[in-house]
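Take a look at the structure set out below.
The values are calculated or read from the model by the stated rules, or taken from the named source; none is laboratory data. Just so we're clear, the structure is a prediction, and the values are computed from it rather than from any experiment. Here the Cβ is made from the backbone with ideal geometry for all residues, glycine too, and neighbour counts use every protein chain on show. Just so you know, the surface numbers come from the protein's heavy atoms only, side chains and all, with ligands and any DNA or RNA stripped out. Shrake-Rupley method; radii C 1.70, N 1.55, O 1.52, S 1.80 Å.
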Amino acid sequence: MLRPLFALALCAACLICARLSAQERPAVTNAPVQPVEATSPAELVPAADGPKDKLTELMQRVSNLEDELKKSKQKAADAAKKPTLNWSVQIQADSIWSDQDAVNRAAVGSIPDGAAFRRARFNMFGEYGQVEYRLGLDFALPGRPSFIDVFVGLNDVPWLGHVRAGHFFEPFGLEQYSQNRFITFMERSLPTEPISPGRNTGVMAFDTYADQRGTWAVGAFHTDSDVFGDDTGNDFRAAATGRVTYLPWYDEATDGRDLLHLGLAYSARATKGGQVRFAVRPELRSGSAAPNVPNFVDTGAVGAGFYQLIGAEALLIRGPFSAQGEYVLVPIDTYASGAVYLQSWYVYGSVFLTGENRTYRRSTGMLDRILPRRDFVGREARSLGRGPGAWELALRLSHLDLNNGSVRGGRLTDLTAGLNWYLNPYLRITANYIRAFQTTRTGRHGAADLYGVRVGFDF
């Protein structure tokens with residue numbers, strides 16, 4: 001029974017397929033066949049701006065970018081294997097003139113007027129991992145060029161923080177330890193420039209504490225390195241110097257627009273050749289020119305094997321107003337009359353007429369760069385006069401007493417008025433007037449008026 005039904009279904013399916021095939025087949029006509037035109041090979045190639053060529057061009061660009069990226073990564077990898085190299089420049093051109101009374105002229109001679117480069121510096125510095133280095137030369141100091149900061153350092157040292165070896169400033173005093181381009185007046189004050197130790201060859205460790213509320217630094221140095229960092233001889237001439245600072249008050253919200261800085265410093269120093277001498281000029285000089293501003297007070301050579309420096313410092317910043325002062329006591333163990341005590345101090349205040357504030361570097365407890373709110377000379381072309389820059393007025397009183405016991409070096413008091421115009425963070429014009437009151441070794445009183453103008457640029 002199933003076989004006949006299956007045969008009948010198969011026949012029906014064949015008939016349906018045959019009918020569908022006949023409907024799809026094209027109809028045959030008697031129209032003549034049109035000849036096919038020949039096509040050249042060039043016409044078979046796709047157009048130059050076709051989709052295929054655009055895709056090829058895009059892929060080529062991607063490939064080029066990948067090659068450039070590989071080269072860039074390779075250069076970065078090669079650079080990471082070598083120390084970095086950066087450089088900086090500082091230029092300070094000064095002009096000075098003066099007026100003296102008869103007593104001062106008779107005591108020190110005539111003060112020359114003139115112009116000179118106070119500083120002309122070139123620095124190279126960089127890092128290699130934890131290692132830092134700096135090579136600084138000054139073409140205006142007596143060596144022409146002389147060494148300034150020349151050292152190698154190691155950072156992130158356990159327990160110590162930072163260790164540095166070479167020729168650099170000993171850690172003593174706020175004004176002395178701060179970089180010259182960030183101080184307020186043309187020259188550092190009486191207790192700083194002649195008494196506080198400058199750059200010497202040695203080794204130092206330093207770091208911060210209390211979440212950068214304070215700093216500390218301690219080092220061992222040669223007592224009196226020359227302008228090339230050299231100090232040779234058979235007698236022992238070493239110094240141990242340290243400084244500690246703290247910020248009892250620091251306004252975090254304004255990044256230190258209001259702060260109070262306090263600090264102490266100490267140095268124990270062996271003398272060179274069994275002698276020590278302090279000879280001091282007023283707070284102005286004509287670079288390394290000769291003749292130069294003469295010394296107004298001078299102890300002469302004092303026979304001693306050992307002396308000390310004890311310093312205290314304070315800085316208050318309240319927005320555009322600031323006050324700063326330091327005191328230095330110099331106990332000397334003389335051969336002739338035992339202990340004598342020399343001393344010096346300064347105080348000064350400043351105000352920014354344009355509203356800026358003095359800045360402070362918490363990592364080292366030093367002064368930092370002034371940043372005008374609106375530059376007078378900007379980076380863009382034809383930007384001259386777009387803003388006033390930063391204008392600062394300052395007044396300083398400093399005193400140095402080199403008379404005590406058998407030491408009769410005289411006394412000097414300077415009253416300095418200063419005007420600073422910061423045209424931008426790197427260009428500055430400074431004008432200073434100094435009234436120097438001198439007491440000679442014999443007790444006579446003289447005075448001199450000194451004037452100075454500086455154009456300084458650094459980066």
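Structure notes:
- Every residue from segment 373-398 that is closer than 30 Å to V340 by Cβ and either open to solvent by 40 Å² or more (accessible area, probe 1.4 Å) or among the basic types (K, R) (or both): R396, L397
- In segment 142-156, the residues that are in contact (Cβ under 8 Å) with a residue 24 or more places away in the chain and either open to solvent by 30 Å² or more (accessible area, probe 1.4 Å) or in contact with a His (Cβ under 9 Å, 6 or more places away or on another chain) (or both): P142, R144, F147, I148, D149, V150, L154, N155, D156
- Candidates in segment 176-197 are the residues that are more than 26 Å from Y133 (Cβ to Cβ) and either of a type in the set (F, W, Y) or at pLDDT 95 or above (or both); of these, the one that is nearest to the chain's Cα centre (by Cα) is T184.
- Segment 334-353 - residue that is open to solvent by 40 Å² or more (accessible area, probe 1.4 Å) and among the polar types (S, T, N, Q) and, of those, farthest from the chain's Cα centre (by Cα): S337
- The one condition in (1) within 29 Å of A448 (Cα to Cα); (2) over 27 Å from the mean Cα position of the chain (by Cα); (3) not acidic (D, E) that Q308 fails to fulfil: (1)
- Residues that are open to solvent by 10 Å² or more (accessible area, probe 1.4 Å) and of a type in the set (A, V, I, L, M) within segment 162-188 comprise V163, A165, listed in sequence order.
- For segment 185-216, taking the residues that are in contact with a helix residue (DSSP H, G or I) (Cβ under 9 Å, 6 or more places away or on another chain) and hydroxyl-bearing (S, T, Y), the one that is farthest from L415 (Cα to Cα) is identified as S196.
- Unique match (being modelled with pLDDT of 95 or more, in contact with a Leu (Cβ under 6 Å, 6 or more places away or on another chain) and surrounded by 16 or more Cβ atoms within 10 Å (Cβ to Cβ)) among L402, L415, L423: L402
- Failed item in (1) over 30 Å from A217 (Cα atoms); (2) without any contact (Cβ under 8 Å) to a residue 60 or more places away in the chain, with T440 passing the rest: (2)
- Restricting attention to segment 221-241, the residues that are under 24 Å from the mean Cα position of the chain (by Cα) and of a type in the set (A, V, I, L, M) total 1.
- The lone exception for G274 - which of (1) at pLDDT 95 or above; (2) out of contact with any Lys or Arg (no Cβ under 9 Å at 6 or more places or on another chain) it fails: (1)
- Subset of segment 426-459 that is of a type in the set (A, V, I, L, M) and crowded, with 21+ Cβ neighbours inside 10 Å - its residue that is nearest to R373 (Cα to Cα): I434
- Some residue of segment 201-216 being in contact with an Asp or Glu (Cβ under 9 Å, 6 or more places away or on another chain), in contact (Cβ under 8 Å) with a residue 60 or more places away in the chain and not hydroxyl-bearing (S, T, Y): no
- Only one of the listed residues (R318, R382, R361) is of a type in the set (D, E, K, R) and in contact (Cβ under 8 Å) with a residue 12 or more places away in the chain. That residue is R318.
- Total residues in segment 83-111, condition open to solvent by 60 Å² or more (accessible area, probe 1.4 Å) and either more than 23 Å from the chain's Cα centre (by Cα) or aliphatic (A, V, I, L, M) (or both): 8
- Residue check, L284 modelled with pLDDT of 95 or more, of a type in the set (A, V, I, L, M), within 31 Å of the chain's Cα centre (by Cα) and assigned to a loop (DSSP other than H, G, I, E, B): yes
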